[in-house]
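Here is the structure we will look at.
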Amino acid sequence: MKKSLIWLPLICLFANFLSFSAENSQTVIPKNVYTGDTAQVRVFFESSVDLLSDGGVGNGSLEFSTDLPVFHTISGDCLVTGAGIEHNGSYWSFWLNFIPWKPGQICFPAFDVADLIHREKGQGAYGSSFLLNVKPVEILSLSQKMNVSELRPPASPLLLPGSVWLVSLIAGGIFILLALSVILLLKLPSFVLFVQEAKSGRKIKRAVKKARKSLRRLLRAKNLSDQDFAAGIQNILREFLSTRFSRTFDNLPTSRLAGFFEELTGETLSDSQEEEIFDLAGIFTRTDYIRYAPNSADSKRFPQENFAAVCLPGEREKLAEKSRLLIFALSRTEKSDEKSEKSVKKEEESAVV
């Protein structure tokens, strides 16, 4: 009698575990599963067993890791991409997402739901089993889906209307871009040089404009001594030369002026350039004499127009005009265009008139 009382609870518990098997139902989505499709099989059952240990009240769910060993047993037939269990009170559903590899029937193993839940929660293997049987799922081949009973002969790719023109246009655009890139790479040094010359040209033009304004202001200045006027001429020329040749001319003595230009150009001065440097040295020599030779013995020699250490009548205007013409002449580069040459000639002709 006592043994019967001991076995009675166990028999009731076992009957409770198996109570779902007679009433479970199964659905497959989509209804027709083909090779390579993503499908889901879901099993519905009713049980009062608290599988998730959440009191069996309300809603609950748990998703299983697909790395669990039981899912690897069907890896030859399909790839399991997800699995889990859900419940609403005593109504449960077990779902499994998979991608079939080949046509035919996939026979799923009996899933021990209680063991899966305990392993997912990190509680190890579960002592009691709660087996859930999943019915086999039939996988259809793509040939059935496409109603093809034999292999078709190889065919050339189909072209959409206008695709040839589109491909040709794209190929032409790519070719043009490559050609422009190559041309740009080949012309890049010349382009950089062009930009540098343009930048230098703008700087020289600003220096010329500034020197012209300074010369006009110097001529209009009243009560200015001859020594101050001579110093002003030199300062304007030295400032322009420093900007034009990117060298400092502030402390360069007149005696070293010609030699400095020869070193600067590597002794490659043309005849016209040598003449310009000679005229420039003449202006510096005359203004130095006016600045530093007043009341000297040489300044009292005759004829006075050759030795006077002062500006003779009209000499200020001549010095300013010569300086202006030299500034225009020295502002030219080796690649000056005909327009700049014509403008210089006009300036020289106006000076002669």
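Tabulated results
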{"quantity": "Solvent-accessible area of L169 with every protein chain in place, 1.4 Å probe, in Å² to the nearest 10", "calculated": "130 Å²"}
{"quantity": "Carbon + sulfur, % of accessible area of the range 200-318 - ligands and nucleic acids excluded, 1.4 Å", "calculated": "50 percent"}
{"quantity": "Pairwise Lys count, the range 162-292 - Cα closer than 21 Å, eight or more residues apart or different chains", "calculated": "7"}
{"quantity": "Sum of side-chain charges, P109 neighbourhood, beta-carbon under 14 Å (Lys, Arg +1; Asp, Glu -1)", "calculated": "-2"}
{"quantity": "Ranked by how many other beta carbons lie within 10 Å on average, peptides 231-238, 201-208 from highest", "calculated": "231-238, 201-208"}
{"quantity": "Principal axis dimensions, largest first and in whole angstrom, of the range 46-113 by Cα", "calculated": "41, 21, 16"}
{"quantity": "The range 63-106, accessible surface, carbon-and-sulfur percent (1.4 angstrom probe)", "calculated": "52 percent"}
{"quantity": "P(r) of the range 197-274 over all Cα-Cα pairs, binned every 5 Å from zero, in whole percent", "calculated": "3, 13, 20, 20, 21, 14, 7, 3, 0"}
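The values are calculated or read from the model by the stated rules, or taken from the named source; none is laboratory data. Values in this document were obtained by computation on a predicted structure and should not be read as measured data. All Cβ positions, glycine included, derive from the backbone under ideal geometry; neighbour counts span all protein chains shown. Note: areas computed on protein heavy atoms with side chains; ligands, DNA, RNA excluded. Shrake-Rupley method; radii C 1.70, N 1.55, O 1.52, S 1.80 Å.
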